[in-house]
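Undergrad: Pasting a structure here, questions to come.
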Amino acid sequence: MVLLTLGITSMTNLQVTALKLNHTAYLRSQAVALSYEVLDAMRADRIAALAGAYDRALDDPIPSEEQASASLTASNLRHWLLGIENAMRPYDGQASIERDGVRFTVTLRWRDRLRQELLGERRRLYEQFSVVTEL
C-alpha cells in the first residue's frame, strides 16, 4: 500500500511539473507570435518605424484610445500591447522596441513562476524573448 501511494504521489508530481512546463512553452510561443506581429506592422508602416515612432521602453504606457484614433502607429502599438497584456495575463507581460538605424530589437518579458518556484526566490524572475531584424 505504501509503494502504491508513493507511486501515485510521484506520478501526480510529474504531471503537475509537465503542465507547468507546457504553460511555459505556451507563453514562449505567444511571445514569438506577438513579436512577429509587431514586426509585420512595422514593415507595413516602415517610414514611421524608421523615424522612431515605434520605439518604446519596457515600462512605457499603452497608448490611449485617443492617441490610437489619431495615429496608425499608436493604433498598431495599442493593439499589440493589449494583445501582450491579454496573452501574458497574469504574468506581467511587457514589451520594448529598440531601434539602431534600420536594425530593430523587439523584446517581450514576462514573469516566470516556474523558475521562481524552482529557485525558491521571493523576487520576481522574468523570462525574456528577443528578436532582431532589419526593416
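Undergrad: When the range 44-73 is examined, which residues are found to be buried (at least 18 other Cβ atoms within 10 Å of the Cβ) and without any contact (Cβ under 8 Å) to a residue 12 or more places away in the chain?
TA: Within the range 44-73, just A68 meets the criteria.
Undergrad: Would you confirm whether or not the range 25-39 contains a residue that is basic (K, R) and assigned to a loop (DSSP other than H, G, I, E, B)? Before the answer, list the steps.
TA: First, pick out the residues of the range 25-39 that are basic (K, R): 28.
Narrowing further to those that are assigned to a loop (DSSP other than H, G, I, E, B): none.
Checking the range 25-39: not a single residue is basic (K, R) and assigned to a loop (DSSP other than H, G, I, E, B).
Undergrad: While we're on this one: Could you check the range 1-35 and list, in sequence order, the residues that are closer than 30 Å to I97 by Cα and at pLDDT 85 or above?
TA: We begin by selecting, within the range 1-35, every residue closer than 30 Å to I97 by Cα; these are 20-35.
Of everything in the range 1-35, those that are closer than 30 Å to I97 by Cα and at pLDDT 85 or above turn out to be A25, Y26, L27, R28, S29, Q30, A31, V32, A33, L34, S35.
Undergrad: Of everything in the range 40-67, what is under 21 Å from the mean Cα position of the chain (by Cα) and part of a helix (DSSP H, G or I)? Give them in sequence order.
TA: Matches in the range 40-67: D40, A41, M42, R43, A49.
Undergrad: Another question about this same structure. Could you figure out which of (1) touching a Gly at 6+ places or on another chain (Cβ under 9 Å); (2) surrounded by fewer than 15 Cβ atoms within 10 Å (Cβ to Cβ) isn't true of R99?
TA: That leaves (2) as the condition not met.
Undergrad: Being surrounded by fewer than 12 Cβ atoms within 10 Å (Cβ to Cβ), more than 13 Å from M88 (Cα to Cα) and either among the small types (G, A, S) or in contact with an Asp or Glu (Cβ under 8 Å, 6 or more places away or on another chain) (or both) is the filter here, so list the residues in the range 1-43 that pass it.
TA: Within the range 1-43, G7, S10, A18 qualify.
Undergrad: If a residue has to be modelled with pLDDT of 85 or more, within 10 Å of the chain's Cα centre (by Cα) and part of a loop (DSSP other than H, G, I, E, B) to count, how many in the range 70-126 make the cut?
TA: Going through the range 70-126 one residue at a time, the tally reaches 2.
The values are calculated or read from the model by the stated rules, or taken from the named source; none is laboratory data. Just so you know, these numbers come straight off a predicted model, no measurement behind them. Glycine gets a Cβ as well: all are built from the backbone with ideal geometry, and neighbour counts include every protein chain shown.
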